[in-house]
Amino acid sequence: MIVARPVALPTDSSVAQLYAGADLADAFAIDIGRADGARDIRALAQSVLGDPAPWFRALLALRDAAVVGFGVKTARQMRDAAARNPAGYIDFFPILWRSDRELVLGEDDRHLDFKLSLLVRPVAGAAGSELVATTVVHCHNRLGRIYLAVIAPFHRLVVKANLQRAARGGSRPA
C-alpha cells in the first residue's frame with residue numbers, strides 16, 4: 001500500500017516564495033514510478049484532483065452550506081466557472097501556472113489566498129520520482145483564520161487520500 005507522507009516544503013517549487021508568513025504551508029508526497037514520473041503533469045493533477053470521492057463531495061456540501069452567508073465562493077460557483085473554461089481548471093481548481101514538472105492551482109478570495117502545487121521530482125538514489133502536493137494559504141482576516149482552523153484537519157486528510165488514490169491508478173476506494 002502506498003502511503004502519502006509529510007515532506008519538507010520543496011524549495012524547488014514555484015510557490016516557495018509564498019511560504020514566508022503563510023497561515024498554512026504543508027507538503028505531502030507519494031513515490032511514483034519512472035513511467036508515472038514521465039506522464040504529463042496535467043494528467044497527474046487530474047488523477048489527484050479529478051473525480052473526487054463521494055465523502056469529499058459530502059464535505060464540500062457541508063462547507064458550502066456553512067459559508068454561503070459569508071460571501072465565500074461555493075464549490076458550485078467554482079465548478080460553474082470551470083464549466084465555462086474546462087481547459088483552465090482541474091475539477092474546480094483554476095490552473096494558475098504550469099511547467100513540464102509542476103502545476104499550480106489556486107484561488108484568491110476575500111478571506112484567504114490558496115495555492116496548491118503538484119510537483120514531480122526525482123528521488124535521490126532511486127529509479128523513480130515522487131509527486132509532491134504543497135499547499136500554501138494566506139489569510140486576510142478573522143473569517144479566513146476561522147475558516148482555515150476548521151478545515152485544516154480535513155485538508156490534510158483530503159490531500160493524503162487523493163495522493164494515495166492517484167498512486168493506485170486514480171480509482172476510488174470501495
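The values are calculated or read from the model by the stated rules, or taken from the named source; none is laboratory data. Being a predicted model, the structure only gives us computed values, none of them experimental. Counting neighbours? That spans all protein chains shown, and the Cβs are built from the backbone with ideal geometry, glycine included. Surface accessibility is based on the protein's heavy atoms, side chains included, excluding ligands, DNA and RNA. Shrake-Rupley method; radii C 1.70, N 1.55, O 1.52, S 1.80 Å.
Give me the number: length gained by fully extending Ala58 to Ile95, i.e. 0.36 nm times residue separation minus the C-alpha to C-alpha distance, one decimal in nm.
Here the segment from Ala58 to Ile95 would lengthen by 11.0 nm.
Within region 23-121, all pairs of alpha-carbon atoms sorted by distance into 5 Å bins from zero give the percentages 2, 11, 19, 23, 21, 13, 6, 3, 1, 0. Global size of the chain: 15.7, 51 Å for Rg and Dmax (C-alpha atoms, Rg to one decimal, Dmax whole). Can you list the HN-Hα couplings for region 15-20, worked out from phi with the Karplus curve (6.51, -1.76, 1.60; θ = phi - 60°), rounded to whole Hz and with x for Gly and Pro? Calculated HN-Hα couplings, in order: 8, 4, 5, 8, 4, 4 Hz.
The residues of region 46-174 have, on average, 51 Å² of accessible surface per residue, using a 1.4 Å probe with all protein chains present.
Note that region 154-165 has calculated 3J(HN,Hα) couplings of 5, 3, 5, 4, 5, 4, 4, 5, 5, 5, 5, 4 Hz, one per residue in order, obtained from phi through the Karplus relation 6.51 cos²θ - 1.76 cosθ + 1.60 (θ = phi - 60°); glycine and proline are x. Share of carbon and sulfur in the accessible area of the chain stands at 60%, probe radius 1.4 Å. Counting heavy atoms of the protein chains alone, Glu107 has an accessible area of about 40 Å² for a 1.4 Å probe. Taking packing as the residue-averaged number of other Cβ atoms within 10 angstrom, the listed peptides 111-117, 133-139 run from highest to lowest as 133-139, 111-117. For Gly106, the residues whose amide H sits under 5 Å from its own are Leu96, Leu116, ignoring neighbours fewer than 5 places away on the same chain, with H placed 1.01 Å from N.
A Förster radius of 25 Å combined with the Cβ-Cβ distance from Ala65 to Asp109 puts the calculated FRET efficiency at roughly 0.90.
Working note: Karplus 6.51/-1.76/1.60 with θ = phi - 60° gives region 80-88 the couplings 4, 5, 5, 5, 6, 8, x, 5, x Hz, where Gly and Pro are set to x.
The orientation-averaged shadow of the Cα convex hull for region 74-174, equal to a quarter of the hull surface, comes to 8.3 nm². Entry note, the chain: the mean residue ellipticity at 222 nm calculated from DSSP H runs of n ≥ 4, each adding -39500 (n - 2.57), is -11500 deg cm²/dmol after division by the residues and rounding to the nearest 500. Packing order of peptides 87-99, 156-168, highest average first: 156-168, 87-99 (average count of other Cβ atoms within 10 Å over each peptide's residues). Summarising the amide proton neighbourhood of Leu112: residues at separation of 5 or more, or on other chains, whose placed amide H is nearer than 5 Å comprise His140.
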